[in-house]
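Notes follow the structure.
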Amino acid sequence: MKITNPAQIRNFVVAGHNGCGKTTLCDLMLFKAGAVDRLGSVDAKTSVSDFTPDEQDKRSSIYASFMHCDWKDHKLFLTDTPGYGEFVGEVISSFRSCGFAVIVLDGVDGIQIGTTRAWAFSRDFLLPRMFFVNRLDRERASFDTILEHLQEAYGKTVCVPMTLPVGKEGSFSKVISVLDTPDSEIPADLKDAVEEYRTMLKDAAAESDEALMERYLEGEELTGEEIAKGLHKAIFSGSLVPVFAGSTAKDIGVTELMDGVVSLMPNPLERVRKAEDGTEIVPAEDGPAAAYVFKSALDPFIGQMAYLRVLTGKIACNTDMLNLSKGTKERVGQLVLLQGKNQIPVEEVCPGCIVGVAKLKGTTTGDTLGATKDNHAMPRQVYPKPVISFALYATKSGDEDKIIQGLQRLSECDPTLYIERNDETHESLLKGMGEQHINIAIKNLKATAKVDVRLELPKIAYRETIQGRGEAAYRHKKQSGGHGQFAEVHLRMEPFEGGYEFVNAIVGGAIPKNFIPAVEKGIHEAMERGPLAGCVVENMRVTVFDGKYHEVDSSEMAFKIATRRAFKDAMAKSRPALLEPIMNIKVMIPDAFTGDVNGALNHKRGRILGMSMQDGLQVLEAEVPEAEIQKFATELRSMTQGQGSYEVDFARYETVPPNVMNDIISKFHDDSEEDE
């Protein structure tokens with residue numbers, strides 16, 4: 001099989017909030033197109049899209065799933081995406097690979113966080129979009145209410161219905177086309193609405209072209225072909241977002257949606273992209289082929305599978321290509337089309353196709369493959385920073401290296417999964433977008449690397465400092481036969497915002513010059529593990545201003561020991577304090593949850609910096625100590641019924657309040673005694 005006509009391809013992502021019916025819609029599209037013999041079901045665990053055991057158990061999408069079907073002489077490539085924000089990396093990769101978005105809404109719940117997220121990604125990726133208001137057969141479902149909310153959020157003349165429902169809730173029986181249904185077949189209660197929306201669609205079509213606009217204003221009637229062409233332009237520019245009504249449960253409105261995908265939405269040759277160096281990449285059927293690796297995954301049978309979006313030219317099986325991102329050669333073996341978990345071999349593909357290829361040597365997510373050096377590497381995708389961390393501990397001694405290597409392989413496939421070593425707390429940290437995200441990663445680690453892991457909340461990387469000035473001296477003297485040990489060091493310390501400064505103020509040779517480096521090294525060693533809670537010490541100037549030595553018994557070791565003890569004593573006299581990491585947090589929530597989230601942040605010693613509206617959501621910006629938001633991802637999900645999300649980033653270090661500091665120090669000393 002070969003796919004060689006990009007003008008007949010429609011490549012789109014199906015996105016929206018969790019539970020709005022995205023997966024059921026994809027299953028129904030495949031069945032209606034004859035791509036599968038039986039209709040898949042999420043509840044029956046037969047869905048083509050949600051095929052992994054985790055997804056079947058949760059009755060919810062966790063991974064992006066790629067499918068295809070033929071519809072009215074066109075090839076549709078559709079990608080089903082997770083609705084949970086914790087798996088946002090899958091959604092971002094899918095948007096990067098597609099030509100437009102079908103955003104699904106629930107007919108009762110309407111705009112939710114997943115809706116606004118899909119809208120924002122469409123905007124950021126410059127993708128045309130269309131809405132499908134699903135589940136209009138449910139009790140309390142209202143197309144008019146959802147449409148009103150869409151128009152309030154995104155524009156009255158932007159969101160315009162292409163189809164309207166006949167009947168409500170249990171009596172919902174069919175949809176009618178605003179443009180194509182004859183007047184004689186339009187129910188009386190819909191005639192005014194059809195006329196209004198028909199005029200809005202014609203206005204949008206005319207405004208997309210100056211010549212059409214001139215004729216339209218002169219009262220000339222536009223042909224159906226001209227209207228369709230004008231609507232296509234308006235949708236492509238983003239000035240029009242068509243809205244379709246339907247119910248996947250009753251198979252109402254899905255045929256009209258699929259027809260709209262074919263007739264209104266762009267083909268892959270229309271999308272011009274910019275390469276990393278700014279060069280415009282104009283897709284073409286001929287010429288040097290190029291493809292972007294938007295995702296990779298670990299297959300339990302064949303190893304790593306790379307998913308490619310063909311950008312331009314044609315790619316055939318068993319072809320040598322260049323990895324333009326890394327400057328290496330790759331052998332592209334068997335290409336496969338994806339139908340959920342099934343892989344269908346294909347000989348040749350063209351722009352717009354999504355295919356998988358196994359066993360690429362050095363190609364990973366974000367790389368660009370090109371037929372020649374004349375191709376240009378595409379910019380790498382930027383993913384959000386993690387919001388939750390866990391410390392990793394091997395259940396079985398000796399598995400540490402296997403765990404790290406296994407997680408590094410997983411993070412190559414999931415750019416929102418991070419593994420790093422914290423040198424201050426001496427912990428290996430696994431970071432991700434939420435507790436579910438982390439748990440799925442650990443489950444995959446156990447399956448692929450055959451290791452067991454224990455997760456704990458990570459230690460907070462506190463810092464120690466001083467708020468005043470202090471002096472101390474310490475004499476180290478030890479005699480045990482033969483050469484003894486002798487050194488005396490006098491230190492002065494004071495706050496210093498520059499981080500750290502060492503000052504040698506010795507005069508008259510009280511400490512010989514050859515021992516000064518040992519004194520400074522002793523200070524460095526003392527600052528690595530401070531006396532309050534064993535944390536790194538910072539923001540001080542330390543001056544050595546006096547001391548004594550013995551011609552025989554003094555040594556570098558003696559001076560280091562004396563310095564560390566003098567440092568500890570001087571710090572105790574300098575009003576020592578703990579510093580804690582303060583994080584900037586940006587929380588996006590529906591307005592109904594603002595009070596609860598605001599109260600929770602205040603309870604966590606947070607400072608609310610401001611509130612604003614963005615894409616129909618309340619945005620709270622605050623500063624909160626890192627120690628207080630270690631479980632915030634789970635708490636926010638509970639508080640907002642899964643409709644909240646947040647971003648977090650390091651701001652600065654700040655002094656810990658005395659009552660909190662005392663608790664931290666007490667816990668540190670208790671733990672130290674237990675270890676001993």
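The values are calculated or read from the model by the stated rules, or taken from the named source; none is laboratory data. This is a predicted model, so every value here is computed, not measured. FYI the Cβ positions are ideal-geometry reconstructions off the backbone, even for glycines, and counts take in every protein chain you see.
Kindly indicate whether any position in segment 132-140 is modelled with pLDDT of 95 or more, among the acidic types (Asp, Glu) and under 31 Å from the mean Cα position of the chain (by Cα).
no
Only one residue in Asp106, Asp57, Asp80, Asp27 is under 21 Å from the mean Cα position of the chain (by Cα) and within 27 Å of Met433 (Cβ to Cβ). Which one?
Every option except Asp80 fails the conditions.
Checking the condition in contact (Cβ under 8 Å) with a residue 60 or more places away in the chain, touching a strand residue (DSSP E or B) at 6+ places or on another chain (Cβ under 9 Å) and within 29 Å of His476 (Cβ to Cβ), which residue from Asp569, Asp649, Asp615 passes?
Sole residue among the options that is in contact (Cβ under 8 Å) with a residue 60 or more places away in the chain, touching a strand residue (DSSP E or B) at 6+ places or on another chain (Cβ under 9 Å) and within 29 Å of His476 (Cβ to Cβ): Asp569.
Inspect all residues belonging to segment 167-179 and state whether any of them is more than 30 Å from Glu139 (Cβ to Cβ) and surrounded by fewer than 13 Cβ atoms within 10 Å (Cβ to Cβ).
no
Among the residues in segment 161-183, are any under 30 Å from Pro351 (Cα atoms) and in contact (Cβ under 8 Å) with a residue 24 or more places away in the chain?
Yes.
Checking Asn422 against (1) on the phi > 0 side of the Ramachandran plot; (2) in contact with a Pro (Cβ under 8 Å, 6 or more places away or on another chain), which single condition isn't satisfied?
For Asn422, the exception is condition (1).
Take segment 531-573 and flag every residue that is touching a helix residue (DSSP H, G or I) at 6+ places or on another chain (Cβ under 6 Å) and in a helix (DSSP H, G or I).
Glu556, Phe559, Lys560, Thr563, Arg564, Phe567, listed by residue number.
Could you tell me which of the residues Lys58, Lys72, Lys2 is in the same structural domain as Ala141 (by TED's automatic domain parsing), basic (Lys, Arg) and either more than 30 Å from His149 (Cβ to Cβ) or at pLDDT 95 or above (or both)?
The match here is Lys72.
Within segment 20-45, count every residue that is touching a strand residue (DSSP E or B) at 6+ places or on another chain (Cβ under 7 Å) and either free of Cβ contacts under 8 Å to residues at least 24 places away in the same chain or over 16 Å from Phe244 (Cα atoms) (or both).
Result for segment 20-45: 4.
Is it the case, given these coordinates, that Asp286 is in contact (Cβ under 8 Å) with a residue 24 or more places away in the chain, in contact with a Gly (Cβ under 8 Å, 6 or more places away or on another chain) and not in a strand (DSSP E or B)?
yes
Restricting to segment 380-404, give me the number of residues that are in a loop (DSSP other than H, G, I, E, B) and either in contact (Cβ under 8 Å) with a residue 40 or more places away in the chain or within 15 Å of the chain's Cα centre (by Cα) (or both).
Matching residues across segment 380-404 total 11.
Only residues that are part of a loop (DSSP other than H, G, I, E, B) and closer than 30 Å to Gly313 by Cα: list them for segment 241-277, please.
Correct list: Met265, Pro266, Asn267, Arg271, Val272, Ala275, Glu276, Asp277.
Among the residues of segment 224-243, is there at least one that is over 24 Å from Val102 (Cβ atoms) and of a type in the set (Val, Ile, Thr)?
no
Taking segment 289-319 only, how many residues are surrounded by 15 or more Cβ atoms within 10 Å (Cβ to Cβ), part of a loop (DSSP other than H, G, I, E, B) and touching a Ser or Thr at 6+ places or on another chain (Cβ under 9 Å)?
Counting residues in segment 289-319 that are surrounded by 15 or more Cβ atoms within 10 Å (Cβ to Cβ), part of a loop (DSSP other than H, G, I, E, B) and touching a Ser or Thr at 6+ places or on another chain (Cβ under 9 Å) gives 2.
When residues of segment 398-435 are filtered for being among the β-branched types (Val, Ile, Thr) and in contact with a Lys or Arg (Cβ under 7 Å, 6 or more places away or on another chain), how many remain?
Within segment 398-435, residues that are among the β-branched types (Val, Ile, Thr) and in contact with a Lys or Arg (Cβ under 7 Å, 6 or more places away or on another chain) number 1.
Could you please find all residues in segment 457-485 being over 15 Å from Ala533 (Cα atoms), modelled with pLDDT of 90 or more and assigned to a loop (DSSP other than H, G, I, E, B)?
If the condition is that a residue be over 15 Å from Ala533 (Cα atoms), modelled with pLDDT of 90 or more and assigned to a loop (DSSP other than H, G, I, E, B), then Leu457, Pro458, Gln467, Gly468, Arg469 are the ones that fit.
Can you find, within segment 213-243, the residue that is nearest to the chain's Cα centre (by Cα) among those that are within 30 Å of Val104 (Cβ to Cβ) and surrounded by fewer than 14 Cβ atoms within 10 Å (Cβ to Cβ)?
Ser237
Pick from Leu298, Leu308: which is modelled with pLDDT under 95 and of a type in the set (A, V, I, L, M, F, W, C)?
The match here is Leu298.
One residue is enough: does segment 86-96 have a residue meeting the conditions small (Gly, Ala, Ser), surrounded by fewer than 24 Cβ atoms within 10 Å (Cβ to Cβ) and out of contact with any Ser or Thr (no Cβ under 7 Å at 6 or more places or on another chain)?
no
Across segment 203-231, what is the number of residues that are farther than 16 Å from Ser263 by Cβ, touching a residue at least 24 places away in the same chain (Cβ under 8 Å) and not in a loop (DSSP other than H, G, I, E, B)?
3
Among the residues of segment 638-676, write down those that are out of contact with any helix residue (DSSP H, G or I) (no Cβ under 7 Å at 6 or more places or on another chain), assigned by TED's automatic domain parsing to the domain that holds Ser612, surrounded by 14 or more Cβ atoms within 10 Å (Cβ to Cβ) and farther than 20 Å from Arg605 by Cα.
Scanning segment 638-676 gives a single hit, Gly642.
Return the residues of segment 357-379 that are touching a residue at least 60 places away in the same chain (Cβ under 8 Å) and closer than 25 Å to Arg10 by Cα; say none if nothing qualifies.
Answer for segment 357-379, where residues must be touching a residue at least 60 places away in the same chain (Cβ under 8 Å) and closer than 25 Å to Arg10 by Cα: Thr365, Gly366, Asp367, Thr368, Leu369, Gly370, Ala371, Asn375, His376, Ala377, Met378, Pro379.
For the condition among the small types (Gly, Ala, Ser) and either closer than 24 Å to Val346 by Cα or touching a helix residue (DSSP H, G or I) at 6+ places or on another chain (Cβ under 6 Å) (or both), what is the one hit in Ser61, Ser41?
Only one candidate passes the filter, namely Ser61.
Can you find a residue that is closer than 22 Å to Lys2 by Cβ, outside the structural domain of Phe95 (by TED's automatic domain parsing) and among the charged types (D, E, K, R) anywhere in segment 299-318?
yes
Would you pick out the residues in segment 578-622 that are under 19 Å from Pro658 (Cα atoms) and not in a loop (DSSP other than H, G, I, E, B)?
Once the filter is applied, which keeps residues that are under 19 Å from Pro658 (Cα atoms) and not in a loop (DSSP other than H, G, I, E, B), segment 578-622 yields Leu578, Leu579, Glu580, Pro581, Ile582, Asn602, His603, Arg607.
For residues that are small (Gly, Ala, Ser) and in contact with a strand residue (DSSP E or B) (Cβ under 6 Å, 6 or more places away or on another chain), scanning just segment 485-510, find the one that is nearest to Leu579 (Cα to Cα).
Applying the filter and picking the extreme gives Ala505.
Give Leu337, Leu322, Leu407 a once-over and let me know the one that is under 29 Å from Pro82 (Cβ atoms) and in a strand (DSSP E or B).
On inspection, the qualifying residue turns out to be Leu337.
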